[in-house]
Amino acid sequence: MSVKKKPLVVVTRKLPDSIETRMRELFDARLNLDDTPMTPEQIADAVRTADVLVPTVTDMIGEALLKDPECKLRMIANFGNGVDNIDVTSAHARGITVTNTPKVLTEDTADMTMALILAVPRRLIEGATILTEGKNWEGWSPTWMLGHRIGGKRLGIVGMGRIGQAVARRARAFGLQIHYHNRRPVAPVIAEELGATYWESLDQMLARMDIISVNCPHTPATYHLLSARRLKLIRKDAYIVNTARGGVIDEDTLIKLIEAGDIGGAGLDVYEHEPAINPKLVRLAKAGKVTLLPHMGSATIEGRVEMGEKVIINIRTFLDNHKPPDRVLPSML
């Protein structure tokens, strides 16, 4: 009696051990045990040989790959919520199912957003380096390392989806006034719970906020949503926090405005050209003008395991000829 061949699943990066073990049990899983990012040539080979590809945000699955006549893929099960690394339209046209891992990293990302909202005005990183980089600390002083309180300040949230709402709940507990811009207003019950004020005009909101938090997805429509023109609307003493995607902000203009003192500062976990970080941002960080983190907003053990579990569920559901629970269609973007 012949044994049914398991589908070949290629995973582009190292995943939690428990997830990789389960994948080996269920599929013919080709894993990336040393976590070295796959080259474009290696990804192209995977597209030609695998039944299912499991990429991450760092892997670009573009039109050229998906239109390759030798493309064998039946499914792209993205290990991540955002799918801006995948040409979903080309995949759909080719009959390739695309899935993601939504609703897993909401609380983790909101926690990190709130951490940055606190870190910038209270100068947390500056204070920590005094003790860890051999600088002279002479003890407490009434006028040393003064920052700003956040209670009573106006927080403008750009993108009031699951993460934006989770940020709003945390921020309200710290006494911030909640404002937001979104494609459409949230349900009245949510607005009432959060005490949130809706701004149809992003321009008008930006000009009036003390703190701006970017929590929208990265799509063609949100690329440089905070453009040079819009960044110039922001108050000189305000600052920006971004835990969404670097491409939402015109990074070069942001840097120039902070350098000139025309924006108070920034807390960034994502960058327009990551993993490359603009050296000017690093200089601003050393000067205490910005707080920089290495894209770790969703980096919790629990979150990564839950993401992997969603990937497995999506793959198994698809291979059983059912609709995956987290399918992504071009019309959804």
TODO: Let me know the charge dipole size of region 192-270 about its Cα centre in debye, to the nearest 20, where only the beta-carbon of Lys, Arg (+1) and Asp, Glu (-1) is charged.
DONE: 240
Open item on the list: I need the P(r) histogram for the chain: all alpha carbon pairs, bin width 10 Å from 0 out to the longest distance, whole percents.
Closed with: 5, 24, 29, 23, 14, 4, 1, 0, 0
Task: For residue 206, net neighbour charge (Lys/Arg +1, Asp/Glu -1) across residues whose Cβ lies under 14 Å away - done: +1
Open item on the list: To check you understand DSSP bridge types, tell me what percent of the beta bridges within the chain (both residues inside) are antiparallel, rounded to 5.
Closed with: 5
Open item on the list: Run through region 217-292 and list the chymotrypsin sites (Phe, Trp or Tyr not before Pro) located in a DSSP loop whose Cβ has at most 16 other Cβ atoms within 10 Å.
Closed with: 223
TODO: Write down the accessible area per residue of the chain in Å², having rolled a 1.4 Å probe over the full set of protein chains.
DONE: 51
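Would you work out if region 71-193 is rounded, prolate or oblate? Take a ≥ b ≥ c from the square roots of the eigenvalues of the alpha-carbon gyration tensor; rounded if a/c is under 1.5, else prolate when a/b is larger than b/c, oblate otherwise.
Working: a/c = 4.03, a/b = 1.74, b/c = 2.32.
Verdict is oblate for region 71-193.
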Open item on the list: How large a share of the accessible area of the chain, in percent, is made up of carbon and sulfur atoms when the probe is 1.4 Å and the other protein chains stay in place?
Closed with: 54
Task: Net charge of neighbours whose Cβ lies under 14 Å from the Cβ of residue 12, counting Lys and Arg as +1 and Asp and Glu as -1 - done: -3
Open item on the list: Considering only C-alpha atoms, what is the centroid distance from region 148-173 to region 267-305, in Å?
Closed with: 20
Task: Net charge dipole size for region 1-124 [Lys, Arg +1 and Asp, Glu -1 on Cβ; Debye, nearest 20] - done: 300
Task: Ordering of 109-120, 305-316, 173-184, 240-251 by burial proxy (mean other Cβ atoms within 10 Å per residue, highest first) - done: 240-251, 109-120, 305-316, 173-184
TODO: Work out the length of the dipole vector of region 90-196 about its Cα centre, built from +1 on the beta-carbon of each Lys and Arg and -1 on the beta-carbon of each Asp and Glu, and round it to the nearest 20 debye.
DONE: 400
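Can you flag which of 103/289; 5/103; 153/256 are past 30 Å Cα-Cα?
Details: 103/289 33 Å; 5/103 33 Å; 153/256 25 Å.
The answer is 103/289; 5/103.
The values are calculated or read from the model by the stated rules, or taken from the named source; none is laboratory data. Worth saying up front: this structure is predicted, and the values here are computed from it rather than measured. Heads up, the Cβs are rebuilt from the backbone with ideal geometry, glycines too, and the neighbour counts pull from every protein chain shown. Only protein heavy atoms, including side chains, enter the accessible area calculation; ligands, DNA and RNA are left aside. Shrake-Rupley method; radii C 1.70, N 1.55, O 1.52, S 1.80 Å.
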